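A.B. asks: The structure follows.
The values are calculated or read from the model by the stated rules, or taken from the named source; none is laboratory data. Quick caveat, the model's predicted, so the values are computed rather than measured. Cβ sites come from the backbone with ideal geometry, for glycine too, and all protein chains shown count toward neighbours.
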């Protein structure tokens with residue numbers, strides 16, 4: 001079984017249990033049953049019950065709980081994170097290690113935590129979040145982050161923050177972070193471009209809000225046939241050189257180039 005980290009995380013509203021199986025069958029690498037943004041306040045207890053009823057130890061699910069500053073946080077973690085059908089918790093508005101610890105205090109041993117960095121304070125505490133217990137990777141909540149900081153735009157306006165999240169994740173030795181959602185649903189080219197931008201910055205996956213987005217995200221996080229062909233030529237040239245200096249396409253092949261070729265072909 002592959003141990004690769006998910007490229008796609010698909011949200012499904014926790015108050016729409018009829019969609020749970022459709023989401024699981026959508027082709028998403030991971031499904032997040034959402035109790036936070038997708039659920040109106042008056043429906044949150046019922047949504048929690050629906051998620052709990054659907055929890056299956058044979059197919060553990062991720063759940064985005066409500067934030068620690070809400071009245072539903074304690075009930076969410078008390079009800080859910082001890083259940084063997086819960087693989088992990090997506091923690092919104094993550095800002096401190098104490099928030100992560102509050103989740104894990106109730107959790108079974110296999111539960112992981114994906115903190116969403118979506119506030120200035122959360123970003124300022126990146127190192128603490130990256131090194132918190134059972135945090136496998138960081139999620140960048142781009143939409144709420146823009147609102148919190150008064151930023152207007154998801155492009156160059158967020159370049160600094162994306163780079164710093166990737167750097168902090170690497171220094172902590174955790175998985176490549178997960179980029180925020182694309183709000184467009186029907187424009188596959190735009191979705192793929194968004195995902196490829198995140199990949200260029202060093203992200204390893206992307207949040208999705210609709211199954212239509214999955215194919216484009218998966219394309220963006222897959223090596224193209226041209227890249228695979230280039231990598232094979234690099235490694236063939238290196239092998240044939242028997243240790244001598246070698247060039248491919250007029251460019252010298254040094255160790256970083258070899259390592260990239262090996263990574264593309266899954267040999268690194």
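A.B. asks: Provide a single number: the residues in the stretch 41-51 that are out of contact with any helix residue (DSSP H, G or I) (no Cβ under 9 Å at 6 or more places or on another chain) and either closer than 16 Å to residue 19 by Cβ or assigned to a loop (DSSP other than H, G, I, E, B) (or both).
C.D. replies: The number of residues fulfilling the criteria is 2.
A.B. asks: Collect the residues in the stretch 173-204 that are buried (at least 24 other Cβ atoms within 10 Å of the Cβ) and either in a loop (DSSP other than H, G, I, E, B) or at positive phi (or both), keeping them in residue-number order.
C.D. replies: Of everything in the stretch 173-204, those that are buried (at least 24 other Cβ atoms within 10 Å of the Cβ) and either in a loop (DSSP other than H, G, I, E, B) or at positive phi (or both) turn out to be 177, 180, 182, 203.
A.B. asks: Among (1) within 28 Å of residue 24 (Cβ to Cβ); (2) modelled with pLDDT of 95 or more; (3) buried (at least 23 other Cβ atoms within 10 Å of the Cβ); (4) in contact with a helix residue (DSSP H, G or I) (Cβ under 9 Å, 6 or more places away or on another chain), where does residue 137 come up short?
C.D. replies: All conditions are met except number (3).
A.B. asks: Scan 245, 222 and give me the residue that is touching a strand residue (DSSP E or B) at 6+ places or on another chain (Cβ under 8 Å), assigned to a loop (DSSP other than H, G, I, E, B) and surrounded by fewer than 18 Cβ atoms within 10 Å (Cβ to Cβ).
C.D. replies: Testing whether each residue is touching a strand residue (DSSP E or B) at 6+ places or on another chain (Cβ under 8 Å), assigned to a loop (DSSP other than H, G, I, E, B) and surrounded by fewer than 18 Cβ atoms within 10 Å (Cβ to Cβ) leaves just 245.
A.B. asks: Which condition does residue 95 not pass, out of (1) more than 15 Å from residue 33 (Cβ to Cβ); (2) out of contact with any strand residue (DSSP E or B) (no Cβ under 8 Å at 6 or more places or on another chain); (3) surrounded by fewer than 22 Cβ atoms within 10 Å (Cβ to Cβ), if it passes all the others?
C.D. replies: Only one criterion in (1) more than 15 Å from residue 33 (Cβ to Cβ); (2) out of contact with any strand residue (DSSP E or B) (no Cβ under 8 Å at 6 or more places or on another chain); (3) surrounded by fewer than 22 Cβ atoms within 10 Å (Cβ to Cβ) is unmet by residue 95, namely (3).
A.B. asks: OK, next. For the stretch 139-158, how many residues meet the condition of being closer than 21 Å to residue 115 by Cβ and in a helix (DSSP H, G or I)?
C.D. replies: Qualifying residue count, the stretch 139-158: 9.
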